[in-house]
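Structure first, commentary second.
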Amino acid sequence: MLPYLAAAGVGTIGIIDGDQIEESNLHRQVLYNPDQLGLYKAKESATSISKNNPEVEVLVYKEFLTSKKAQEIFPNYDLIIDATDNLFIRYVINDTCIEFGKPFVYGSIHQFQGQVSVFNYEGGPSYRDIFPQENQSMPNCAEAGVLGTTVGLIGMLQANEAIKIILGIGEVLSGKLLIYDLLQNSQQVFEFGKVSSPKKPDISLSFEMILADEALNGDSILLDVREHGEEPEVLFSNTLQIPLSVLEKESEKLDPKIEFRIFCQSGIRSRRAAELLSKKGFQNLKLIRGGANDLIQLIDS
């Protein structure tokens, strides 16, 4: 996506990502090479596309997107393009775009299939109109696997939608969901509309996301909200396991003044746990990005 936007001469491009390049990224990301392993994706992406077109201004935000950061950054841009595989961050992107009136170019990938749409374009439908529930379970690229060419094709289609919006040409995928299947060489377009009397999204609950190694620093409780018996087992001296299913009742035994760093398997339950605790007066809450899998890697190493 980024090389096409830069080559087209998009005036200013902002890249926000706090992640670092891993070997598993190389089969689907043409911007990186093995010599860049461990370096920050946002910075290396900016360097690459700046070489392609030095006249494009590229701004780098070497951090993970949060609701707070979205509200600071999004007003400075004309449109927002989603390149994440984090389900809840998509809702943050959508809701912030609605708040500031920004079009949202959406792309999603699962193995050999990809989806593309444009939300909130000239008052059109939003992400919540087609995917209203935040408690969906969706694996990321690492968990589900993905064909590298699927990523390239969907990114190219997203760039194409962005260019059409900028130039005011063609038919934008607003109110339409394009699904492309690379195995079958087939594509389908489904139309959808705005729900009647939609509930205004609440983006007031914003929780800081931290990396697994950051979560081990300082005096805090690592709160595991998975069910008992789920693997991998995470055993640190400051780990407390309270399944989400009983957290509301058990929260009465917790000290709301303590800082809790919450994790689960995929991130869905940890956010729901944070929302539950926040409504009960807990203020020192952070979410551990990567959850149990990233924490267990620290134990193994």
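General remarks:
- Per residue, the chain exposes an accessible area of 53 Å² to a 1.4 Å probe, with every protein chain left in place.
- Length-normalised contact order for the chain - Cα pairs under 8 Å, 6+ apart - percent: 14 percent
- The average projected area of the stretch 211-301, computed from the convex hull of its Cα atoms over all directions, is 5.3 nm².
- Straight-line cross-link reach from residue 43 at under 16 Å between alpha-carbon atoms covers these aspartates and glutamates, not counting any fewer than eight positions away in the same chain: 17, 19, 22, 35, 57, 63.
- Around residue 193: net Lys/Arg minus Asp/Glu count, Cβ-Cβ under 13 Å: +1
- Scattering curve values for the stretch 1-129, log₁₀ I(q)/I(0), Debye with Cα scatterers, q = 0.09, 0.11 Å⁻¹: -0.26, -0.40
- Counted by Cβ distance under 13 Å from residue 150, the other residues give a net charge of -1, where Lys and Arg count +1 and Asp and Glu count -1.
- Annotation: aspartates and glutamates with alpha-carbon distance below 13 angstrom to residue 194 (same-chain offsets under eight excluded): 122, 129.
- The loop-placed GluC sites (Glu not before Pro) in the stretch 3-60, going by DSSP, that have at most 10 neighbouring Cβ atoms within 10 Å of their Cβ come out as 55.
- For the stretch 79-122, alpha-carbon Rg relative to the globular expectation (2.2 N^0.38 Å, N residues): 1.14
- A quarter of the convex hull surface defined by the alpha-carbon atoms of the chain gives 17.0 nm² as the mean projection.
- Leading residue at positive end of dipole, the chain (Cβ point charges), from 220, 34, 267: 267
- The chain - percent of accessible surface contributed by carbon and sulfur, probe 1.4 Å: 48 percent
- Above-threshold pairs, the threshold being 21 Å between Cα atoms, out of 41/102; 257/279; 62/280; 69/286; 253/280: 41/102; 62/280
The values are calculated or read from the model by the stated rules, or taken from the named source; none is laboratory data. As the structure is a computational prediction, the values presented were derived from the model and not from experiment. Neighbour counts run over all protein chains shown; Cβ positions are idealised from the backbone, glycine included. Accessible surface areas use protein heavy atoms only, side chains included; no ligands, DNA or RNA. Shrake-Rupley method; radii C 1.70, N 1.55, O 1.52, S 1.80 Å.
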